[in-house]
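Presented below is the structure to which this report refers.
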Amino acid sequence: MGKAVFLYGREDARIDPFNLRDGRPGEVLLDVAAVGVCGSDLHYFKDGGIGSAVIKEPFVPGHEFGGFLCEDIEELALQRGSLVAVDPNKACGHCAWCSEGHPNLCPNVEFIGAPPFDGAMTQRIWVPQSQLVALPSNFDPLQAVMLEPLGVAIHAVDLARPRLLERVALLGAGPIGLLVLQVLRVAGAGDVLVADPLEHRRAAASKLGATRVGASAEDIIEWTKSEGCSLVVEATNSPLGFRDAVRTARIGGRVILVGIPDGDTYTLPAAEARRRALKIKFARRMGEVYPRAIELVASGKIDVASMVSHRVDLDATPGVFRALAENAPGYIKALIYPNGEREPGRTQ
């Protein structure tokens, strides 16, 4: 019998025994190499759910992960022990949204690590073979994990469509915000003005290419002499994130909302947005972006390792949830290694 992290409800994460279910047709067994603690995982921990996705019974979180194959997969030319990433989004493939090329919006999705579907904060997991993502031979587990959040950032920037040298306001310098910052740079954005209340996150943003960093939206408003930016990307967990995005936007500007607010509620004075006639889009997960994510990491254009502040074993995970929920100093991105740190190609 193995073990796993279970979320029982609000602020209740435990390590419990875990009985691995039997595999189903079309599934492949993986030894979990590493798994990230995502902002959505924290919302399940802090709030007990996200909107209608409520924890009704204990489940295993974890949708950002990579694993080592427990068997050869001849049709994919992958050998036992190979490191792979996993796309957690299993869309139905036949609804209107899937047919229109938006599997991230599928209402019938089975998403690994979102209740009621168990995720990868355990030692072994069965996943559909169709959701495996083959990786370059020199990738490590950290890079495999970070492809999923990088994919979220790529999707957000795709929605934003930054113009060459356009000035951008970026609210939030957590893992997604720091990845968005880098993708904006690759996409040709100009000055990127970043706001985050945590000093260590501001320092990370500076190292990764932010033009200016401040503690709040007020700084961006001051820097732009109250004019705002024509493009704003919001990547916070604050109920005031939408409000601040509006306040830092230029008249006629665009706002991309990537963050999930604590409590699942925004506070927004309507006149601020209406009088600016803003174009507002919400980002939901990602589309088909893994090939670009792999290329950006392989080429060195995106640094995914610099924001990983903590690497822990499975037993330490409940403490990591608490630390991240409390914005503990120094925490940015935490990775869990359920089977210990292991190099690709080595079998246990």
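At-a-glance table
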read-out	value
Residues located in region 262-279, provided they are within 19 Å of residue 177 (Cβ to Cβ) and touching a helix residue (DSSP H, G or I) at 6+ places or on another chain (Cβ under 6 Å)	266
Selected residue (criterion: farthest from residue 158 (Cα to Cα)) from residues of region 92-111 that are in contact (Cβ under 8 Å) with a residue 40 or more places away in the chain and not polar (S, T, N, Q)	111
Tabulated pairs, region 254-282, first at negative phi and loosely packed, with under 14 Cβ neighbours inside 10 Å, second of a type in the set (Lys, Arg) and in a helix (DSSP H, G or I), C-beta under 6 angstrom, 6+ apart or interchain	267/243
Matching residues, region 178-193, being open to solvent by less than 20 Å² (accessible area, probe 1.4 Å), out of contact with any Ser or Thr (no Cβ under 9 Å at 6 or more places or on another chain) and either farther than 19 Å from residue 245 by Cβ or in contact (Cβ under 8 Å) with a residue 60 or more places away in the chain (or both)	179, 180, 182, 183, 188
Extreme residue, nearest to residue 217 (Cα to Cα), among residues of region 124-175 that are assigned to a strand (DSSP E or B) and among the small types (Gly, Ala, Ser)	169
Any hit, region 12-32, residues being over 17 Å from residue 112 (Cβ atoms) and in contact with an Asp or Glu (Cβ under 8 Å, 6 or more places away or on another chain)	yes
Any hit, region 78-96, residues being open to solvent by less than 50 Å² (accessible area, probe 1.4 Å), in contact with a Lys or Arg (Cβ under 7 Å, 6 or more places away or on another chain) and part of a loop (DSSP other than H, G, I, E, B)	yes
Boolean, residue 183 is hydrophobic (A, V, I, L, M, F, W, C), modelled with pLDDT of 95 or more and assigned to a helix (DSSP H, G or I)	yes
Per-region count, region 194-216, residues open to solvent by less than 10 Å² (accessible area, probe 1.4 Å) and over 21 Å from the mean Cα position of the chain (by Cα)	1
In region 244-253, residue nearest to residue 327 (Cα to Cα) [restricted to those that are open to solvent by less than 30 Å² (accessible area, probe 1.4 Å) and assigned to a strand (DSSP E or B)]	249
Residue under evaluation residue 108, criteria (1) in contact with a strand residue (DSSP E or B) (Cβ under 9 Å, 6 or more places away or on another chain); (2) surrounded by fewer than 17 Cβ atoms within 10 Å (Cβ to Cβ); (3) of a type in the set (S, T, N, Q); (4) closer than 30 Å to residue 264 by Cα, criterion not met	(1)
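The values are calculated or read from the model by the stated rules, or taken from the named source; none is laboratory data. Quick caveat: nothing in here was measured; it's all calculated off a predicted structure. All Cβ positions, even for glycine, are placed from backbone atoms using ideal geometry, and neighbour counts span all protein chains on display. SASA here: full protein model, heavy atoms, side chains in, ligands and nucleic acids out. Shrake-Rupley method; radii C 1.70, N 1.55, O 1.52, S 1.80 Å.
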